[in-house]
Amino acid sequence: MEINLKKIKKVYFVGIGGIGISAIARMMIEEGKDVRGSDMSASNVTEALEKAGAKINIGQKYELIPKDSELVIYTIAIEHYDEELLNKIKTSGIPSITYPKSLDLISKDKYTIAVSGTHGKTTTTAMTAKVALDLNLDPTVVVGSILKDQKTNFIGGKSKYFIVEACEYRRSFLNLNPNILAITNIEEDHLDYYKDIEDIKDAFRELVSHVPNDGYVVCNLNGENIKDVMKDFKGTVIDYSKFLDKVPDLKLPGNYNRENAAVSLAISETLSLPEALVKESLSGFSGTWRRFDFKGKTNSGALIYDDYAHHPTAVESVLSGVKEMYPEKRIISVFQPHLYSRTKALFGEFSKAFVNSDLTIIAPIYFAREEKDESINSLMLVDAINKNGDKAIFLREFKEIEDYINENTGENDIVLTIGAGDIYKVGEKLMQE
């Protein structure tokens, strides 16, 4: 089925509140299309889309899709949690595609720069987008967060360049055919879908095969699991580790952000961009929504930050960055584990990830697309953290967490909410108070 996005006027999005798919919805609003959609719950993202002109239903069922829709774009997550809805969409007679497939359609006539990896891809995509914007490349950008300067996750450029975050979940990035592919790192994750690290490497290896022989792959050739993925690639490989000593002073702390900037520097070299101007752009990068995102100061003087980290390596990295930035302050982490499967598969790593946290508050597991699993819970993680010599407590309700922070923190404290669920609401509530 051939789909011409330019000719379509009425589009319905299933899962419109997703941070990636919402960027496509925003693009189509800007193009003047009639954009409608649904999601399981309201959020900052759905509210922003409604302000931009989308009509959104809360709750998902087939009957909400208008019969005169010309295209349905749906999140790949429904393949996992609502097979009945997916079957109805596919047999409705209305053309339908996944969100990742829509990225493929957008990128067909573009010079595509895709940023992949287990960690760092959102920040690296945003850094690369900032460089391209600052140097007047006029790119189209789709990123899995909100760019702080533009206050959006989509930028509609007029040039040939398309900068996109490439997610490995359910192999969705295989819809892309990048001219430049960046791989920040490869680790075990999404083990509710992938069998093991070898299965993950196979997916990345296939993605690399999509890069043409005159294309580029930017990666760290000494990185764990990278060499296996790269062994058959015939194009040009740029090792971003060689750019680490060129990274300028950044506004964001942590070695992981210096690595992200090194990836952007390497990408910029393939585009023959002036290094001095690239460094100047990177030094002004202030981050994205939910990536070491400063929320404000509580009435007691504690500083509140928020971060999307939901993998042990990412948690450990962001806490290391906080310690680097505030070596004299007490660090209180508020962590909401994301998915039973991830918490169980990476339990040992999670139990050791909070070494730079003086106190860790663990909330119940945010299980999103999964059925409840009684064999794993947050109390188990609290016990494991404490056995490793760090201090953790369990609080069941967000209100309990908010009260605890209000009553037990002051000017010497940094409070960092961490997780891919809705734990960021704790920081927002504290700021409202």
Checking E269 against (1) in a loop (DSSP other than H, G, I, E, B); (2) over 24 Å from the mean Cα position of the chain (by Cα): exactly one of these is not met. Which one? (1)
Residues of the range 221-242 satisfying the condition of being farther than 15 Å from T124 by Cβ, free of Cβ contacts under 8 Å to residues at least 40 places away in the same chain and in a helix (DSSP H, G or I): K227, D228, M230, K242
Exactly one of I376, I393, I401 is over 16 Å from L359 (Cβ atoms) and either at pLDDT below 95 or among the β-branched types (V, I, T) (or both), and that one is I376
Please work out which residue is nearest to G120 (Cα to Cα), limiting yourself to the range 271-327 and to residues that are touching a helix residue (DSSP H, G or I) at 6+ places or on another chain (Cβ under 6 Å) and among the acidic types (D, E). D307
Would you point out which residue out of K251, K295 is under 30 Å from S43 (Cβ atoms) and not in a loop (DSSP other than H, G, I, E, B)? K295
Would you mind stating whether L271 is open to solvent by 30 Å² or more (accessible area, probe 1.4 Å) and hydrophobic (A, V, I, L, M, F, W, C)? yes
Inside the range 417-433, can you point out the residues that are closer than 12 Å to K297 by Cα and of a type in the set (A, V, I, L, M, F, W, C)? L430, M431
Kindly indicate whether S286 is outside any helix (DSSP H, G or I) and in contact (Cβ under 8 Å) with a residue 40 or more places away in the chain. yes
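Counting residues that are open to solvent by 20 Å² or more (accessible area, probe 1.4 Å) and either at pLDDT 95 or above or among the aromatic types (F, W, Y) (or both), which strands (runs of 3 or more DSSP E) fully inside the range 119-216 reach at least 2?
Because the criterion is at least 2 residues that are open to solvent by 20 Å² or more (accessible area, probe 1.4 Å) and either at pLDDT 95 or above or among the aromatic types (F, W, Y) (or both), the strands (runs of 3 or more DSSP E) in the range 119-216 that meet it are 161-165.
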Taking the stated definitions as given, is V318 modelled with pLDDT of 95 or more, assigned to a helix (DSSP H, G or I) and among the hydrophobic types (A, V, I, L, M, F, W, C)? yes
Condition check: among the small types (G, A, S) and either at pLDDT below 95 or under 21 Å from the mean Cα position of the chain (by Cα) (or both). Does A262 satisfy that? yes
Enumeration of residues in the range 369-407 that are open to solvent by 60 Å² or more (accessible area, probe 1.4 Å) and closer than 24 Å to E316 by Cβ: L379, M380, D383, N386, K387, N388, G389, K391, Y404
Consider the range 274-312. How many of its residues are modelled with pLDDT of 95 or more and open to solvent by 40 Å² or more (accessible area, probe 1.4 Å)? 7
Expected output for the range 193-220 (first residue touching a residue at least 40 places away in the same chain (Cβ under 8 Å) and under 26 Å from E269 (Cα atoms), partner among the small types (G, A, S) and open to solvent by less than 70 Å² (accessible area, probe 1.4 Å), Cβ below 8 Å, 6+ apart or cross-chain) is F204/S116; L207/S116; L207/A166; Y216/G235; V218/A182; V218/A266
For the range 1-84, give me every one of the helices (runs of 4 or more DSSP H) that falls completely inside it and has 3 or more residues that are touching a Gly at 6+ places or on another chain (Cβ under 7 Å). 21-30
Only residues in the range 243-264 that are without any contact (Cβ under 8 Å) to a residue 24 or more places away in the chain and on the phi < 0 side of the Ramachandran plot count as the first member; pair them with residues that are open to solvent by 20 Å² or more (accessible area, probe 1.4 Å) and not basic (K, R), Cβ under 8 angstrom, at least 6 apart or cross-chain, and list the lot. L244/E259; R258/L244; R258/V247; R258/L250; A262/S241; A262/L244; A262/V247
In this structure, is E328 part of a helix (DSSP H, G or I) and either modelled with pLDDT of 95 or more or aliphatic (A, V, I, L, M) (or both)? no
Tell me, which helices (runs of 4 or more DSSP H) wholly within the range 343-419 include 3 or more residues that are farther than 29 Å from H80 by Cβ and touching a residue at least 40 places away in the same chain (Cβ under 8 Å)? 398-408
Just need a number here: residues in the range 315-368 that are acidic (D, E) and surrounded by 19 or more Cβ atoms within 10 Å (Cβ to Cβ). 1
Just for the range 98-118: of the residues that are assigned to a helix (DSSP H, G or I) and not basic (K, R), which one is surrounded by the fewest Cβ atoms within 10 Å (Cβ to Cβ)? D104
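The values are calculated or read from the model by the stated rules, or taken from the named source; none is laboratory data. Everything numeric here is computed off the predicted structure, so don't read it as measured data. Cβ: placed from backbone, ideal geometry, glycine included. Neighbour counts: every protein chain shown. Side chains are part of the model used for accessible areas, which takes the heavy atoms of the whole protein and leaves out ligands, DNA and RNA. Shrake-Rupley method; radii C 1.70, N 1.55, O 1.52, S 1.80 Å.
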